[in-house]
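Structure, as structure tokens:
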Amino acid sequence: AQTVTQSQPEMSVQEAETVTLSCTYDTSESNYYLFWYKQPPSRQMILVIRQEAYKQQNATENRFSVNFQKAAKSFSLKISDSQLGDTAMYFCAFMNTRNTDKLIFGTGTRLQVFP
Amino acid sequence: GAVVSQHPSWVICKSGTSVKIECRSLDFQATTMFWYRQFPKQSLMLMATSNEGSKATYEQGVEKDKFLINHASLTLSTLTVTSAHPEDSSFYICSALAGQETQYFGPGTRLLVL
């Protein structure tokens with residue numbers, strides 16, 4: 001069974017600084033997708049970034065980038081130039097390409113951005 | 001693009017009544033939608049997978065007679081909490097599958113059963 005682990009329950013960062021959220025996963029599959037979702041206080045789940053396991057290049061979306069280490073089964077999220085609006089719960093998630101009806105979520109990391 | 005709406009955003013009902021929550025994909029068709037439940041300060045718990053034109057697939061421990069799911073069109077799935085009780089109070093979130101791998105989420109529905 002696949003599992004996703006987020007070992008940092010809470011993180012904080014000062015505005016304009018950079019922060020990295022960690023995520024590790026366990027799977028025997030070779031093809032899969034990894035996601036980071038953001039849940040701000042409004043509780044709306046927002047897709048931040050997506051990575052396909054067969055792509056070696058790390059995904060990037062503006063200030064958000066990932067460090068995908070397939071051999072280590074690690075998928076960390078880097079937020080550059082942190083903004084107050086980045087304050088949210090961040091969930092790492094895994095999807096097996098052979099079973100695309102389920103997202104496996106981590107327990108989340110609560111990120112607080114301070115002015 | 002990839003916008004999912006949910007209605008109502010919050011609902012308060014009396015114990016024993018039924019509540020229907022709608023989930024719509026506004027700008028894309030979704031043959032598969034999902035229903036989650038989220039307890040305070042916890043991750044999302046998948047309740048069921050809703051497939052257009054067929055019966056929903058429920059996760060272990062989720063009562064299908066309690067949580068009725070209908071996916072009658074490519075843009076609409078509904079979750080009906082039947083004979084709701086206070087323990088059903090929660091935050092319910094739907095998502096819709098765009099393409100083959102990315103789920104886009106609705107804004108959620110807060111249910112309070114008195």
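For this structure, a couple of remarks:
- Label zone at A:Asp26, where the point sits 7 Å out along the Cα-to-Cβ direction: the stretch A:46-72 residues whose backbone N lies under 17 Å: A:71-72
- Computed from phi, the 3J(HN,Hα) profile of the stretch B:95-101 under the Karplus parametrisation 6.51, -1.76, 1.60 (θ = phi - 60°) reads 9, 10, 8, 9, x, 10, 9 Hz, with x in place of Gly and Pro.
- Heavy-atom accessible area buried between chains A and B is around 1800 Å² (1.4 Å probe, both sides summed).
- Inverse mean reciprocal Cα-Cα distance (Kirkwood Rh) of the protein assembly as shown, Å: 18.2
- Pairs of C-alpha atoms in chain B farther apart than 18 Å represent 44 percent of all such pairs.
- Taking the Cα centre of chain A as origin and assigning +1 to Lys and Arg Cβ atoms and -1 to Asp and Glu Cβ atoms, the resulting dipole is close to 260 debye.
- Filtered chymotrypsin sites (Phe, Trp or Tyr not before Pro), the stretch A:23-85: DSSP coil and at most 12 other beta carbons within 10 Å: A:Tyr54
- Chain B - percent of accessible surface contributed by carbon and sulfur, probe 1.4 Å: 53
- Separation between Cα centres of the stretch B:34-89 and the stretch A:21-41, rounded to whole Å: 23
- Summing Cβ point charges (Lys, Arg +1; Asp, Glu -1) relative to the Cα centre of chain B gives a dipole of roughly 260 debye.
- Chain A: translational diffusion in µm²/s, Stokes-Einstein, Kirkwood Rh over Cα pairs, 20 °C, 1.002 mPa s: 151
- Calculated on the alpha-carbon coordinates, the convex hull of the stretch A:6-74 measures out at 115 cubic angstrom per residue.
- Over 23 Å apart at the Cα level, from the set A:Lys38/A:Lys78; A:Lys78/A:Lys102; A:Lys73/B:Lys55; A:Lys38/A:Lys73; B:Lys14/B:Lys66; A:Lys55/B:Lys55, are A:Lys78/A:Lys102; A:Lys73/B:Lys55; A:Lys55/B:Lys55.
- Expressed to the nearest 5 percent, the antiparallel share of DSSP beta bridges inside chain A is 85 percent.
The values are calculated or read from the model by the stated rules, or taken from the named source; none is laboratory data. Keep in mind that this is a model prediction, so the values were computed, not measured. All Cβ positions, glycine included, derive from the backbone under ideal geometry; neighbour counts span all protein chains shown. In case anyone asks, the SASA skips ligands and DNA or RNA and just uses the protein heavy atoms, side chains included. Shrake-Rupley method; radii C 1.70, N 1.55, O 1.52, S 1.80 Å.
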